[in-house]
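**Q** My questions all concern the structure below.
Please treat every number below as a calculation from the coordinates, not as lab data. This is a predicted model, so every value here is computed, not measured. As a convention, Cβ positions derive from the backbone with ideal geometry for all residues, glycine included, and neighbour counts pool all protein chains shown.
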Amino acid sequence: MFGVLQNALKTPDLKRKILYTIFILFIFRLGNAITVPFVETSGLLAQMKESGNSFFSYWNMMSGGAFDKASIFALSITPYINASIIIQLLTVAIPSLERLAKEGAEGRKTLNKITRWTTVVIAIIQALGYFFLLRNYDALLSDYQKGAMQWFAAIVIIVTFTAGAALIMWLGEQINDKGIGNGISIILFAGIIARGPAAINILVENWKLGGLNYLWVPLTVIVFAFVIVFIIIMTNAERRIPVQYAKRVVGRKMYGGQSSFIPVKVSMSGVMPIIFASAFLSLPSTIALFYTPKNGTWQHAVLSALSSTGVVYAVLYFVLIIAFNYFYIAIQYNPVEIANNIKSNNGAIPGIRPGKPTVAFISKVISKITLVGAIFLGIIAVFPILFTAITGMNVSLGGTSIIIVVGVALDTMRQMESQMTMRHHKGFLQ
């Protein structure tokens with residue numbers, strides 16, 4: 001990785017793109033430090049930690065620590081991610097959107113415009129919910145808690161949060177256009193990396209406590225390193241379906257006859273199933289913000305069982321990740337379409353007849369790989385919960401964060417390598 005960066009900095013064009021990306025990330029981190037008006041944040045962080053709400057930790061991870069500070073970028077890229085997922089799902093369900101997706105550059109341009117407006121709508125809804133959260137936690141300044149001033153503060157806070165989400169979306173697009181690409185993912189990567197010092201500080205504080213922590217702290221570092229290696233291996237792992245193309249004569253030339261393969265990655269869905277499962281399991285915690293049941297009631301028993309540190313939560317989390325992984329893969333990959341593409345290019349899978357047998361074979365392979373990938377995601381997501389229960393140390397970088405960081409780093413390195421290859425490739429003119 002460091003060799004790729006060193007070689008990229010030697011290329012003037014890539015160096016300019018890297019510096020521009022760093023400048024955009026500086027603006028992003030600067031916005032994370034600016035608090036919205038009319039909010040008192042001194043007790044906000046403590047109250048969020050005392051609530052033990054897993055939804056807060058999830059959103060704080062996605063925002064790079066801006067959520068618990070009520071900064072202008074508190075919503076981060078969450079509205080854009082939600083909008084992208086919604087439009088992606090609707091593309092499968094609505095024929096007009098499906099036609100747009102198949103129209104090439106112009107269709108994608110229209111879909112991007114729809115995604116932007118959907119992002120703004122979702123940001124307004126989430127900003128409204130965050131304002132009610134601030135009001136319930138008495139985080140508003142005393143002069144803006146009643147009467148007309150409360151309405152004025154509400155409008156300013158909601159507009160500021162919405163504008164911050166829209167600005168982050170624009171910053172990500174600037175990285176795509178003028179930077180090294182993969183803008184939204186890089187912004188998410190930068191936010192998670194910014195929480196690294198907090199994780200190190202937790203380890204240092206636990207080391208100072210002495211006792212068994214002299215064993216648990218080094219073990220945490222070792223396990224953390226093994227998890228990174230495991231994620232890198234599983235992220236790059238793939239099942240290759242061989243394809244043999246028949247020879248055909250066009251004019252006086254003969255084409256085809258070569259062998260190729262269709263790569264089916266183990267981690268095809270990325271972190272999407274984890275995001276889906278986290279959002280689903282955060283609903284009880286979100287309801288608890290507005291309704292606190294009495295002790296001894298069934299509502300209190302359900303909320304207690306779904307605590308982010310409980311066994312029931314971990315089991316449901318694991319099962320939902322597997323279910324959402326199958327759901328997401330079923331939407332993204334169509335075995336019938338893959339088989340038709342192979343057939344239209346005069347190709348065939350060795351030992352498999354074209355048509356329904358090819359569709360059945362591809363479906364079987366994808367199903368097996370999906371199961372392996374789902375179990376991998378489930379283990380990575382649930383492992384921090386188990387490790388925290390055993391060691392008692394709650395390190396702020398969980399399995400989801402590590403998957404995002406490793407995935408974005410690998411994708412960015414591949415993009416930079418491909419760009420350097422294009423610039424240094426010796427063509428037939430040399």
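**Q** Apply the membrane-span-like helix rule to the chain: whole DSSP H runs, Cα extent along the own long axis of at least 18 Å, mean Kyte-Doolittle hydropathy at least 1.6. List the helices found. Spell out each step's value before the answer.
**A** On the way: long enough: 12-32 (30 Å, 0.66); 78-93 (23 Å, 1.33); 105-136 (46 Å, 0.36); 147-178 (46 Å, 1.03); 196-209 (20 Å, 0.51); 213-236 (34 Å, 2.12); 272-290 (28 Å, 1.81); 311-332 (32 Å, 2.00); 356-391 (52 Å, 1.74); 399-424 (37 Å, 0.33).
Correct list, ordered by number: 213-236, 272-290, 311-332, 356-391.
**Q** For segment 196-396, what Kirkwood radius comes out of the mean inverse Cα-Cα distance, in Å?
**A** Details: mean 1/r = 0.0483 Å⁻¹.
About 20.7 Å for segment 196-396.
**Q** Per-residue ellipticity at 222 nm for the chain, helices alone: DSSP H runs ≥ 4 residues times -39500 (n - 2.57), over residue total, nearest 500 deg cm²/dmol?
**A** Values: 17 runs with 304 residues, N = 430.
When only DSSP H runs of four or more count, the value is -24000 deg cm²/dmol.
**Q** Further question: If packing is taken as the mean number of other Cβ atoms within 10 Å per residue, what is the order of 104-113, 153-162, highest first? Mind dumping the intermediate values first?
**A** Values: 104-113: 11.9, 153-162: 19.5.
With the highest mean Cβ count within 10 Å placed first, the list reads 153-162, 104-113.
**Q** Here are some pairs, 113/146; 10/69; 69/265; 10/178; 178/368; 113/356; which of them have Cα atoms lying more than 28 Å apart in this structure?
**A** On the way: 113/146 39 Å; 10/69 39 Å; 69/265 38 Å; 10/178 18 Å; 178/368 40 Å; 113/356 38 Å.
From the list (113/146; 10/69; 69/265; 10/178; 178/368; 113/356), the Cα-Cα distance tops 28 Å for 113/146; 10/69; 69/265; 178/368; 113/356.
**Q** Give me the net charge for the shell around residue 411: Cβ to Cβ below 14 angstrom, other residues only, Lys and Arg +1, Asp and Glu -1. Working shown, then result.
**A** Values: positive: 265, 414; negative: 417.
Summing Lys and Arg as +1 and Asp and Glu as -1 gives +1.
**Q** Connecting C-alpha atoms closer than 10 Å in a GNM of the chain, tell me which of 100, 306, 128 has the biggest fluctuation.
**A** 100
**Q** Would you work out if the chain is rounded, prolate or oblate? Take a ≥ b ≥ c from the square roots of the eigenvalues of the alpha-carbon gyration tensor; rounded if a/c is under 1.5, else prolate when a/b is larger than b/c, oblate otherwise.
**A** Working: a/c = 1.68, a/b = 1.56, b/c = 1.08.
Note, shape of the chain comes out prolate.
**Q** Shifting gears a bit: Excluding residue 134 itself, what net charge comes from residues whose Cβ is under 13 Å from its Cβ, given Lys and Arg +1 and Asp and Glu -1?
**A** Values: positive: 69, 135; negative: 40, 68, 138.
Here the count lands on -1.
**Q** Now a separate question. Which whole-number percent is the relative contact order of the chain (Cα, under 8 Å, 6+ apart)? Intermediate values should be presented prior to the final figure.
**A** On the way: 484 pairs, mean separation 76.8, N = 430.
18 percent.
**Q** Mind sorting 401, 142 by how few other Cβ atoms lie within 10 Å of their own Cβ, fewest first?
**A** Details: 401 23, 142 8.
Going from least to most buried by this count: 142, 401.
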